[in-house]
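No lab work stands behind these numbers, since they all come straight from the coordinates. The shown structure was predicted, so the numbers you read here are calculated from the model rather than taken from an experiment. All Cβ positions, even for glycine, are placed from backbone atoms using ideal geometry, and neighbour counts span all protein chains on display.
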Amino acid sequence: MSRRKRNANSGFTILEVMVAILVLTIGLVGTAALMSTTVNSTARSHLMSTAALLASEKLEDLSRFNVNDSPVAPGGSLVANTTNYFDNVQISVDNGAINETTTTNGASTSYVQTPTSGMVVTPNAGLPATSSDTLTFNRRWIVTNNTPTTGVRTVTVLVTATTQAIKPQVTFQMSMVRP
Amino acid sequence: MNDLKRNKAARRDFSSGGFTLVELMVAMTIFLVIGGTAMSLFSQHANLFTTQQGEVGLNMTLRNALQQIQTDAVQAGNGFFIGGATSIANTPVGVTVTNNPGAFDSLTLIQAGTPAVPLSGTGCMYTTSGSATLSAGYGVTASQFSGGEIMFMNYNGNQMTVARLTGATNGAGGTINITYAPTNANGTNSTANDPFGLTLTVPPTSDPDQLTDQFCAASGDYVVALSYVTYSVNATNQLVRTTAATVVTPDIIADNIIGFKVGAATYQGGTTVSSPSYSFNASNAPTATPPGYSNQFTMIRSIRVSLIGRTPKGQFTGSNFRNTYDGGQYRIQALSLVINPRNLSMNDLE
């Protein structure tokens, strides 16, 4: 009895201190992980909503073509870039630029919209260099004839956010049926 | 020995009565270090939160604005399918775009405000005169010709002009007398008398005889009142929506817009001649670099609207963030949308 009392008066044992530190560390690491998860999921949802918008933009774009136009001829792939069936989009959150390339008939055209100089269209040009805050997306689409039924074709667009910081990669796929 | 024990006990009693100055200072130092770290972490996080709030707000603003434009754009060309030889694809009632060199374009979406009302009488009239009489019996009153622009069109839809309406009164026997700013002798207009820009190209390269100033009641030529919605960005960076009813105080769709560009994809007729990409140079010739469509708005089938917005000024004064556009302390976002006004292509797929 008197021994325990003396121990209590003289301070904590090293074991007690270490257990306390361990508990505190677990708590702090948990909080830090939660914060980074929150930031990560916010970034993911931002990429996801932008990817969804880009997918519907491409579908709407493809739906304007006449049935005989080459951009909606059957072809393309979702697993590899196929000429005339893919493009790249860069969106900068720093200087507000939207950079886009399209490949038509094998030639890429770049569209760069900035607040300072409006829209600059450059035929036969690729995308400008990216900065760390640039969101980059790759769009591939595939046009399948007589699917799901004879006489119509299905267009499927796959948007992939190629921003490396977010794992796993954000993708968004969307389809439409048209004549 | 006994004394020593007593002394020790006394010292312990004394020391347990409070902290020494050194103990207190060490404790305070540790507290300050930990507290300071926690505070800096909190202030960083608070900043991040403000940034996120601003960005989410901006994203919603841009989405809402594009949604509003889409709602109006899909209506473009409504109410003007006369049937027979006339189809909407031959008229400029639909979409007109003004591409400016800077960051801001303007977009006008047009639809018919009234049914087509034939001219009254038997002979021909000229739009250089500034007045016309419309037939009775089409369920239209003078009040429906209340302002804005009117379009004259011949019976088979291949010749037209437009004029800025100045007045309309109910005439004898249900007819309607309209007055308007006179056009030029070839059916062209000044910009002031054709704010929609429907007669901008003179003569249109695709159809040199499209504009005229002569319309004949005998052959069934008619008049349609046009209603319109114009999107543009004003001097205080607001995206505004102007209609005939809101010319003086346009509706404000979004604040802090620093980029508004409208591209158009065109269709030249036939089966395989849709333009592969969007042109942001409406007045350029198709052979120019970059290619345009010579203001041939009848050829527009699809538009691509791009908006760039920024968070409110001064929101990030606590951060070191500077954008490279003008060094402002705000964040920037960009969104674009493709819209196909379906009315414009209803006559294409043959």
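Do any chymotrypsin sites (Phe, Trp or Tyr not before Pro) in the range A:55-164 lie in a loop, going by DSSP, with at most 10 other beta-carbon atoms within 10 Å of their beta carbon, and if so which?
Values: sites: A:Phe65, A:Tyr85, A:Phe86, A:Tyr111, A:Phe137, A:Trp141; in loops: A:Phe65, A:Tyr85.
Passing sites in the range A:55-164 do not exist.
Which of the peptides B:158-171, B:23-36 is most tightly packed, and how do the rest follow, going by the mean number of other Cβ atoms within 10 Å of each residue? Mind showing how you got there, number by number?
On the way: B:158-171: 18.9, B:23-36: 10.6.
My ranking of the peptides, most packed first, is B:158-171, B:23-36.
Between A:Met18 and B:Met60, what is the FRET efficiency for a Förster distance of 51 Å, r being their Cβ-Cβ separation, to the nearest 0.05? Present the calculation step by step, with values, prior to reporting the outcome.
On the way: r = 50 Å, r/R0 = 0.98.
Efficiency computed from Cβ-Cβ geometry: 0.55.
Just how large is the dipole of the range B:58-345 about the Cα centre, in debye to the nearest 20, putting +1 at every Lys and Arg Cβ and -1 at every Asp and Glu Cβ? Can you show the working numbers first?
Working: 11 positive and 11 negative charges, 191 e Å.
Its charge dipole is roughly 920 debye.
What FRET efficiency, computed as 1/(1 + (r/R0)^6) with R0 = 25 Å and r the Cβ-Cβ distance, is obtained for A:Ile166 and B:Gln238, rounded to the nearest 0.05? Mind dumping the intermediate values first?
Values: r = 34 Å, r/R0 = 1.36.
Computed FRET efficiency for A:Ile166 and B:Gln238: 0.15.
Suppose each label sits 7 Å from its Cα in the direction of the beta carbon; what would the A:Ser70-B:His45 distance come out to in nanometres?
With each label point 7 Å from Cα toward Cβ, the separation is 5.7 nm.
Shielding by partners for B:334-345, please: the mean number of other protein chain Cβ atoms within 10 Å of each residue's Cβ.
Details: counts 13, 7, 9, 4, 9, 4, 5, 1, 2, 0, 1, 4.
Rounded to a whole number, the mean comes out at 5.
Below 8 Å, C-alpha to C-alpha, sequence gap of six or more: please give me the relative contact order for the range A:39-178 in percent. Walk me through the intermediate numbers first.
Details: 282 pairs, mean separation 35.4, N = 140.
Once normalised by length, the contact order is 25 percent.
For the range B:108-175, state which chymotrypsin sites (Phe, Trp or Tyr not before Pro) are in a DSSP loop and have at most 16 other beta carbons lying within 10 Å of their beta carbon.
Values: sites: B:Tyr126, B:Tyr138, B:Phe145, B:Phe152, B:Tyr155; in loops: B:Tyr138, B:Phe145, B:Tyr155.
Counting only loop positions with at most 16 other Cβ atoms within 10 Å, the chymotrypsin sites (Phe, Trp or Tyr not before Pro) in the range B:108-175 are B:Tyr138.
Roughly how crowded by other chains is peptide A:53-61, in terms of the mean Cβ count from those chains within 10 Å of each of its Cβ atoms?
Working: counts 6, 2, 0, 2, 6, 1, 1, 7, 8.
Whole-number average of other-chain Cβ neighbours for A:53-61 is 4.
Mind putting a number on the dipole of chain A about its Cα centre? Charges go on the C-beta only, +1 for Lys and Arg and -1 for Asp and Glu, and I need it in Debye to the nearest 20. Intermediate values should be presented prior to the final figure.
Values: 12 positive and 9 negative charges, 232 e Å.
For this selection, approximately 1120 debye.
Run the simple label-point estimate for A:Thr122 and B:Asp326 please: 7 Å along Cα→C-beta, distance reported in nm.
2.5 nm
Go through A:Thr122, A:Leu53, A:Val155 and say which Cα lies farthest out towards the positive end of the charge dipole of the range A:39-178; charges sit on Cβ, +1 for Lys and Arg, -1 for Asp and Glu.
Towards the positive end, the residue furthest out is A:Val155.
Taking chain A as the reference, fit the longest principal axis to its C-alpha atoms, fit the long axis of helix A:14-63 to the helix C-alpha atoms, and give the angle between the two in degrees, 0 to 90, nearest 10.
It is inclined by approximately 10 degrees.
With each label point set 7 Å from Cα along the Cα-Cβ vector, what nm distance links B:Thr128 and A:Val39?
Placing both labels 7 Å beyond Cα along the Cβ direction yields 7.3 nm.
What net charge is computed for the residues neighbouring A:Ala51, neighbours being all others with C-beta under 13 Å from the C-beta of A:Ala51, Lys and Arg scored +1, Asp and Glu -1? Intermediate results must be reported in sequence, preceding the final value.
Working: positive: A:Arg44, A:Lys58, A:Arg139, A:Arg140; negative: A:Glu57.
So the surrounding residues net to +3.
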